[in-house]
Each structure stands twice: as structure tokens, then as C-alpha cells.
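The values are calculated or read from the model by the stated rules, or taken from the named source; none is laboratory data. Owing to the predicted nature of the structure, the values given are computational and were not obtained by experimental measurement. Cβ atoms come from the backbone with ideal geometry, glycine included; neighbour counts cover every protein chain shown.
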Amino acid sequence: MPILHFHGKFLFHMPEYDNYPSNDARCDLNARFDPNCSDEKIFSICGSDPSRYFEFTFQDVKVKTVTYSDGNGYTSGDIFINQTIDFNGILVDVSPSAECAQLFAPNLKIGNLLTGTLQNTTQSELRLNLRPLDSSANYDSEQVESYFQTTLKITDKNLLQESRFIREIGNSSEL
């Protein structure tokens with residue numbers, strides 16, 4: 001089965017209000033609903049846009065390499081290479097004492113070539129020891145890594161015969 005390799009920016013809108021055990025100064029436990037509160041103050045209290053809580057999306061994510069069934073990887077020569085991947089889902093932490101967030105309603109679209117939904121998608125343990133490339137700090141709390149192992153249930157695919165990727169997946173309805 002061929003494999004698509006992609007990278008870009010993955011965005012998660014985590015609610016930060018009262019989400020830290022230390023209850024730091026930014027986390028005002030006495031915050032009450034105020035219909036006159038400005039967006040700026042709400043975002044400051046919450047740490048993110050509350051209307052987008054738990055959204056997990058891709059930004060400028062593209063297929064960079066295709067590894068075919070023979071084990072060879074290519075960075076050109078297939079219509080899937082450089083296609084934009086659109087993704088959205090709701091990422092919910094199902095266990096506050098462990099990193100095991102689960103994606104709900106996840107949809108994935110690769111250009112206009114392939115569309116599908118992800119099945120039973122649970123996050124691996126987070127790795128927090130990443131060193132950001134664009135920072136002088138050795139550690140940045142915004143830089144984390146984890147992975148999701150899942151099955152993509154194909155709901156629509158463009159039967160482009162010029163794509164080796166499409167030829168290799170054939171009539172399969174799952175990746």
C-alpha cells in the first residue's frame with residue numbers, strides 16, 4: 001500500500017482557562033460571564049478563541065513525498081505531490097490525567113483527488129522535548145509532538161489513471 005508523507009502547520013485551539021494545576025496569574029478563577037466584555041479580554045482570559053475550542057485543523061499542509069508499494073519514495077512525478085491537505089476535527093482530551101486525546105468528526109481532503117473520514121483516532125503520548133528551530137530557547141511549551149494511527153475511510157476519489165498512487169490503492173475503500 002502506498003504512503004503519502006506531508007507536513008505543514010497543525011493548529012489546535014486549546015482552552016487554557018483554568019486548565020493549569022498551578023492556576024497561574026492569568027487564570028482568574030473568579031471570572032464570571034460579562035456580556036459587555038471585549039473580545040480582547042475574553043481571549044486573554046481564555047487563552048484562545050472560545051468559539052473554536054478543541055478545533056484541530058491543518059494550515060498550509062501539503063503532500064511532499066509518496067512512497068509506493070515497492071518502498072521507493074518520490075518527491076515529483078505524481079499528481080498527489082504538492083496537493084494541499086485540508087483537515088478538520090474536534091480534538092478532545094478524554095482523560096485529564098493522561099495524554100490520550102481523541103479526534104471526533106475528522107474529515108480529510110487531498111486537493112480534489114481524495115476525500116475521507118478518519119476512524120477511531122486516539123493520540124499517542126505527547127513528546128515535550130522538542131527544540132524549536134526558530135527560537136533561542138531550548139524548550140518551548142508550544143512545541144510538542146505526538147502521532148495518530150488511524151484508518152482513512154475513503155468517501156470519494158478521483159479515478160485519475162495518471163496517478164501511480166491511485167493505481168496502487170486500486171479499489172480499496174480504506175487507507
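Look at S95 and say whether it is in a loop (DSSP other than H, G, I, E, B) and either at pLDDT 90 or above or acidic (D, E) (or both).
On the way: in a loop (DSSP other than H, G, I, E, B): yes; either at pLDDT 90 or above or acidic (D, E) (or both): no.
So S95 does not fit the description; no.
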Next item on the list: Using the structure shown, decide if I81 is assigned to a loop (DSSP other than H, G, I, E, B), under 20 Å from the mean Cα position of the chain (by Cα) and modelled with pLDDT of 90 or more.
Entry: yes
Within the stretch 57-76, residues free of Cβ contacts under 8 Å to residues at least 24 places away in the same chain and assigned to a strand (DSSP E or B) come out as Y74
